[in-house]
Amino acid sequence: MVNLNHGAAIVGIHEHQTRYAPDKSELQIQGESVIKALEDAGLTKNDVEGLFTASSTIRNSGLNLADYLDMYPKYVDNTTVGGGSFEFHLSHALTAIAAGRIKCAVITYSSLAKSGGISVGTGGVARFGHPRLDPSPDSFEEIYGLTTVGLYAMIARRHMELFGTTSEQLAEVAVAMRRHAGLNPEAQFRDPITVSDVVNSRVISDPLHLPDCCVITDGGGAVVIASPELAKDCKQTPVWILGVGEALAHQGAGKRDLMYIAAKQSHGPAFEMAGVKHSDIDMAMVYDSFTITVIETLEDLGFCEKGEGGQFVSNGRIQLGGELPLNTDGGGLSSNHPGMRGIFLLLEATRQLRHEFEGTERQVPNCNIALCHGTGGALGSRHSGGTVILGRN
Amino acid sequence: MPEWKKPLPTISGETKVFWDGCKKGELIIQKCDTCNDYQFYPRGICSNCWTTDIKWVHSTGRGKVWTYTITYQNRTPGFAEDVPYVLALVELDEGVKMFTNIIECDPKEVKIGMDVEVTFVKANNFITIPYFKPVS
Ligand SMILES: [Zn+2]
């Protein structure tokens with residue numbers, strides 16, 4: 001295989017500050033984000049040759065976005081595999097750039113999940129209206145009242161049964177994310193919480209309590225990726241793409257052990273391409289739709305053994321100052337989660353690798369290598385996993 | 001019969017045998033004639049070996065709770081009124097898992113590994129839905 005390590009770099013980013021934007025359209029938030037991200041890079045509309053986006057609400061999202069912004073990209077990718085779609089986009093953009101098809105790509109996303117009143121986690125199948133169920137798989141699943149929270153709660157329940165994981169250990173993840181959110185002025189929820197606050201709060205889908213579930217916000221963002229030649233001319237320190245890996249996990253016709261998630265398959269190729277070890281990772285952005293997602297992901301990425309995730313996240317290990325600071329923006333659990341969150345993993349990892357928070361508590365000291373892992377869909381039914389390893393040098 | 005508010009399955013040529021079985025009180029799943037693998041949900045192709053040599057076979061209708069959650073919040077009509085209910089994955093004796101609700105018991109009694117058996121509820125004149133209950 002062609003060596004893709006350092007084949008492209010993130011050269012521009014923008015996170016839309018809004019958490020609530022009832023007066024804007026989704027395309028408008030994407031447009032504003034793309035413009036700001038290109039400004040950040042020192043590039044212009046004419047430099048963009050590849051357009052990458054995903055949406056659960058905009059039909060023909062890439063086509064409509066190109067129309068809205070009057071762009072004529074020669075490489076288009078609408079891969080939509082849930083919240084982690086954007087790690088897949090980054091992987092595809094790297095490949096397209098390394099193959100010489102394009103020199104510059106933009107990935108963008110937005111959602112009005114909050115102002116649209118979409119009950120992402122607990123709306124069940126009616127959250128996007130009351131559709132006729134597809135003959136399969138919906139007709140064998142949605143008739144039983146699946147919710148997104150429920151599909152993660154089922155995995156949490158079995159994790160507890162098999163490995164003795166406790167509600168208090170799940171809560172440790174929520175507490176860590178909230179502490180980090182306290183350092184992020186844009187975060188939705190910033191007041192500190194304790195393990196006892198979490199385990200004594202309302203149960204949404206047993207064993208998951210309300211703070212075990214991500215917030216629902218509006219929001220969006222954009223990432224600009226450039227070839228090594230173009231990156232040299234950009235304004236910002238390039239953040240290099242060192243390794244990528246993609247995987248899907250599903251029911252396996254009723255036979256897969258769902259306790260192993262897609263991260264198990266995707267991390268190997270990413271680490272191999274990057275040529276780094278787990279101990280080289282200075283910080284990680286791990287998709288935190290729910291607290292159990294983080295525990296399962298850390299295990300299946302290989303940061304600890306299967307079943308040890310509950311212990312791993314305890315005692316401050318995943319907090320700033322700990323061995324593996326995670327989701328330093330406050331994550332989906334406290335900062336923002338507009339329907340899909342994968343793009344924000346890339347944004348915060350880039351900010352950390354640029355040392356944007358130097359001199360403040362939010363900065364991971366000497367941050368040189370970061371890992372992002374996006375999970376999309378649901379652990380209890382079918383989901384995607386995209387691993388991305390980024391480096392400053 | 002009261003109106004069924006929950007979402008109803010859409011029956012296709014590929015899945016009709018399954019739903020016809022439910023109407024007769026039988027849980028019918030698929031087994032491949034080439035590789036002998038069971039599969040669920042039913043489909044026109046063996047997902048393992050990709051042949052179309054599929055047999056419909058009677059499941060024992062028994063299995064164990066593989067995992068579950070007690071759902072306290074779901075805004076979908078029909079389920080909104082039904083909370084708390086148990087959403088579960090049951091592993092059938094044949095080794096395939098299927099989504100279901102565990103009914104006819106207190107949600108708090110449900111445990112992973114619990115023995116359960118199929119039971120059928122008529123949603124309307126055309127559709128009957130399989131659920132599971134603790135083995136009596
Ligand atoms: Zn077969």
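With the cut-off at 1.5 for a/c, could you classify region A:249-302 from its C-alpha gyration tensor as rounded, prolate or oblate? Because a/c hits 1.5 or more and a/b fails to exceed b/c, region A:249-302 counts as oblate. Solvent exposure of chain A, expressed per residue, is 34 Å² of accessible area, with all protein chains present and a 1.4 angstrom probe.
Using the rule -39500 (n - 2.57) for each DSSP H run of four or more residues, divided by the residues of the protein assembly as shown, the 222 nm mean residue ellipticity is -7000 deg cm²/dmol. Between residue B:135 and residue B:93, the modelled label-to-label distance comes to 0.8 nm, taking each label 7 Å out from Cα in the direction of the beta carbon.
Descending by average beta-carbon neighbour count within 10 Å, the peptides A:218-225, A:270-277 line up as A:218-225, A:270-277, the highest first. Amide H contacts of residue A:123: A:148, B:75, each under 5 Å away and 5 or more positions distant or on a separate chain (H built 1.01 Å from N in the peptide plane; Pro and chain starts excluded). Relative contact order, whole percent, for chain A stands at 26, derived from Cα pairs under 8 Å and 6 or more residues apart. Using only the Cα atoms of region A:262-393, build the gyration tensor, take square roots of its eigenvalues as a ≥ b ≥ c, and label the shape rounded, prolate or oblate: rounded if a/c is under 1.5, else prolate if a/b is larger than b/c, else oblate. Taking the square roots of the gyration eigenvalues as a ≥ b ≥ c, region A:262-393 is rounded.
Once the C-beta distance of residue B:1 and residue B:56 is scaled by a Förster radius of 25 Å, the resulting FRET efficiency is 0.35 to the nearest 0.05.
Taking the Cα centre as origin and putting +1 on Lys and Arg beta-carbons and -1 on Asp and Glu beta-carbons, what dipole magnitude results for chain B, to the nearest 20 debye? So the magnitude is around 240 debye. What region B:16-134 shows is 44 Å² of accessible area per residue, with the surface traced by a 1.4 Å probe over protein heavy atoms.
Assuming charge only on the beta carbon of Lys and Arg (+1) and of Asp and Glu (-1), the dipole of chain A about its Cα centre is about 320 debye to the nearest 20.
Taking the Cα centre of region A:10-120 as origin and assigning +1 to Lys and Arg Cβ atoms and -1 to Asp and Glu Cβ atoms, the resulting dipole is close to 160 debye. Within the shell defined by Cβ-Cβ distances under 12 Å, the residues around residue B:121 carry a net charge of +3, with Lys and Arg each +1 and Asp and Glu each -1.
A Stokes-Einstein calculation at 25 °C with viscosity 0.890 mPa s, built on the Kirkwood radius of the protein assembly as shown over Cα pairs, returns a diffusion coefficient of 103 µm²/s. Ranked by the mean number of other Cβ atoms within 10 Å of their residues, highest first, the peptides A:10-17, A:188-195 come out as A:10-17, A:188-195.
Taking both sides together, what accessible area is buried at the A/B interface, probe 1.4 Å, expressed in Å² and rounded to the nearest 100? About 3700 Å² of accessible surface is lost on pairing.
Distance between the C-alpha centres of region A:367-393 and region A:2-60: 18 Å, rounded to the whole angstrom. Counting Cβ atoms of other protein chains within 10 Å of each Cβ in B:110-121 and taking the mean gives 1.
Per atom type, the protein assembly as shown shows carbon and sulfur on 49% of its accessible surface, probed at 1.4 Å. Using the Cβ-Cβ distance between residue A:191 and residue B:106 with R0 set to 30 Å, the FRET efficiency from 1/(1 + (r/R0)^6) comes to roughly 0.25. For region A:112-149, the set of trypsin sites (Lys or Arg not before Pro) satisfying both a DSSP loop assignment and a count of at most 16 other C-beta atoms within 10 Å is given as A:132. Region B:55-117 and region A:133-197 have Cα centres lying 20 Å from one another.
Mean partner shielding of peptide A:255-262, defined as the number of other chain Cβ atoms within 10 Å of each residue Cβ, is 2.
Mean partner shielding of peptide A:113-123, defined as the number of other chain Cβ atoms within 10 Å of each residue Cβ, is 2.
Shown here for region A:149-185: GluC sites (Glu not before Pro) in loop regions (DSSP other than H, G, I, E, B) with at most 10 other Cβ atoms within 10 Å, of which there are none.
The distance linking region A:237-254 with region B:20-47 is 32 Å (Cα centroid to Cα centroid, whole angstrom). Here region B:16-134 is described by how far its Cα atoms reach on the three principal axes: 43, 34, 23 Å, from widest to narrowest.
When peptides A:294-301, A:248-255 are sorted by average Cβ neighbour count within 10 Å, with the highest value leading, the order is A:294-301, A:248-255. So which cysteines of the protein assembly as shown have no other cysteine's Cβ under 4.7 Å from theirs? If one checks each Cβ against the other cysteines of the protein assembly as shown, A:104, A:213, A:214, A:234, A:304, A:367, A:372, B:22, B:105 turn up with nothing under 4.7 Å. Of the GluC sites (Glu not before Pro) in region B:49-103, the ones in a loop by DSSP (not H, G, I, E or B) with at most 14 other beta carbons within 10 Å are B:81.
Mean sequence separation of contacting Cα pairs (under 8 Å, at least six apart), scaled by the length of chain B, corresponds to a relative contact order of 24 percent.
Contact order for region A:11-151, expressed relative to its length and based on alpha carbon pairs under 8 Å spaced 6+ residues apart, stands at 25 percent. Stretched out straight at 0.36 nm per residue, the stretch from residue A:210 to residue A:358 would grow longer than its current Cα-Cα span by 49.9 nm.
For region B:77-116, rounded, prolate or oblate, judged on the Cα gyration tensor with a ≥ b ≥ c (square roots of eigenvalues), a/c < 1.5 rounded, else prolate if a/b > b/c? Here region B:77-116 falls in the oblate category.
The values are calculated or read from the model by the stated rules, or taken from the named source; none is laboratory data. Note that the coordinates shown come from a computational prediction; the quantities given were computed from them, not determined experimentally. In this analysis, Cβ positions are derived from the backbone assuming ideal geometry, glycine residues included, and neighbour counts consider all displayed protein chains. Surface accessibility is based on the protein's heavy atoms, side chains included, excluding ligands, DNA and RNA. Shrake-Rupley method; radii C 1.70, N 1.55, O 1.52, S 1.80 Å.
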